[in-house]
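Here is the structure we will look at.
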Amino acid sequence: MSSTAARNELIETLVQIALAAGRAILEVYARADAHGARIKGDGSPVTDADARAEDIILAGLARVSPGIPVVAEEAVAAGRVPETRGLGFYLVDPLDGTKEFLSRNGEFTVNIGLIEHGRPVLGVVYAPAIGELYAGAVDGGARRASVDGGLAGPWQPIRARAAERSAVRVIASRSHLTTETRDFISRFQCEAFVSAGSSLKFCRVACGQADLYPRLARTMEWDTAAADAVLRAAGGRVVTLDGRDLEYGKREQARDADFANPGFIAAGAWNPLADD
């Protein structure tokens with residue numbers, strides 16, 4: 001990204017796109033059980049809200065970044081996959097946490113992330129039902145704002161905290177807390193343990209409300225990219241189990257599909273693998 005001014009302008013534009021997608025999601029959310037939910041080929045649920053939000057985001061990105069490819073969850077499911085190798089590109093999850101959407105706990109998010117050289121460099125995460133908005137750019141810091149009536153309030157800077165292995169605040173998935181994940185968590189002395197849905201887990205670590213988010217079950221790059229960018233911008237890290245930074249744009253993987261993530265550990269300003 002060429003300059004701080006250009007980066008901030010892009011963030012503000014992506015925020016407006018995310019807010020518009022959030023409004024469409026809330027219109028569907030207000031229809032009680034009439035979400036048009038169905039099951040995709042991979043066994044995951046999708047709703048009318050996913051499709052409406054993705055259409056809004058794709059149209060917005062085509063206006064603001066017409067030359068940048070966009071990898072979006074529902075488009076990929078429909079077989080529309082752009083070329084990304086050697087290119088910067090966007091990763092979009094229009095509604096992360098569809099299970100949370102269907103259970104009506106409010107912990108679902110709109111996610112728009114920008115990838116350059118395999119790294120998430122900028123991201124916007126918006127939780128429309130609970131009015132939480134996060135944004136971050138690597139080397140530019142991270143911030144959050146409250147949203148009321150569809151309008152974002154003033155930005156507040158956020159920073160991940162350093163933790164000690166003897167007093168770790170752990171956050172984990174409501175829907176994917178596997179035995180393997182529990183075993184990893186048992187390596188630490190947990191000061192607190194909380195659950196949350198969707199990409200909000202990354203954002204809780206970015207805010208210093210949690211220290212560790214292990215995810216050893218399968219995810220896709222669009223699930224993580226935007227919030228990963230926010231966490232890295234806040235001074236945190238997202239690493240695979242061998243200690244390498246989680247990378248993006250993974251194609252032609254021998255053991256998994258394009259854009260599938262391995263297990264990873266998201267943490268604040270400390271190294272949870274240092275003593276392993």
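Tabulated data for the structure shown
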read-out: Residue under evaluation Leu91, criteria (1) hydrophobic (A, V, I, L, M, F, W, C); (2) buried (at least 17 other Cβ atoms within 10 Å of the Cβ); (3) in a helix (DSSP H, G or I); (4) modelled with pLDDT of 95 or more, criterion not met; value: (3)
read-out: Any pair with Cβ under 6 angstrom, 6 or more apart, that starts in region 258-276 at a residue that is within 30 Å of Gly79 (Cα to Cα) and at pLDDT 95 or above and ends at one that is surrounded by fewer than 16 Cβ atoms within 10 Å (Cβ to Cβ) and among the polar types (S, T, N, Q); value: Pro262/Thr240; Phe264/Thr240
read-out: Hits in region 194-226 - residues which are modelled with pLDDT of 95 or more, among the small types (Gly, Ala, Ser) and either surrounded by fewer than 21 Cβ atoms within 10 Å (Cβ to Cβ) or farther than 16 Å from Lys99 by Cβ (or both); value: Ala206, Gly208, Ala210, Ala225, Ala226
read-out: Cβ-Cβ under 9 Å pairs, at least 6 apart or on other chains, region 182-207 side more than 28 Å from Arg144 (Cα to Cα), far side of a type in the set (Asp, Glu); value: Arg187/Asp275; Arg187/Asp276; Phe188/Asp211; Gln189/Glu164
read-out: Residue identified as out of contact with any Pro (no Cβ under 9 Å at 6 or more places or on another chain), over 20 Å from Gly140 (Cα atoms) and at pLDDT 80 or above among Gly36, Gly22, Gly67, Gly43; value: Gly67
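The values are calculated or read from the model by the stated rules, or taken from the named source; none is laboratory data. Please read these numbers as outputs of a predicted model, since none were measured by experiment. Note that each Cβ is placed from the backbone with ideal geometry, even for glycine, and that neighbours are counted across all protein chains shown.
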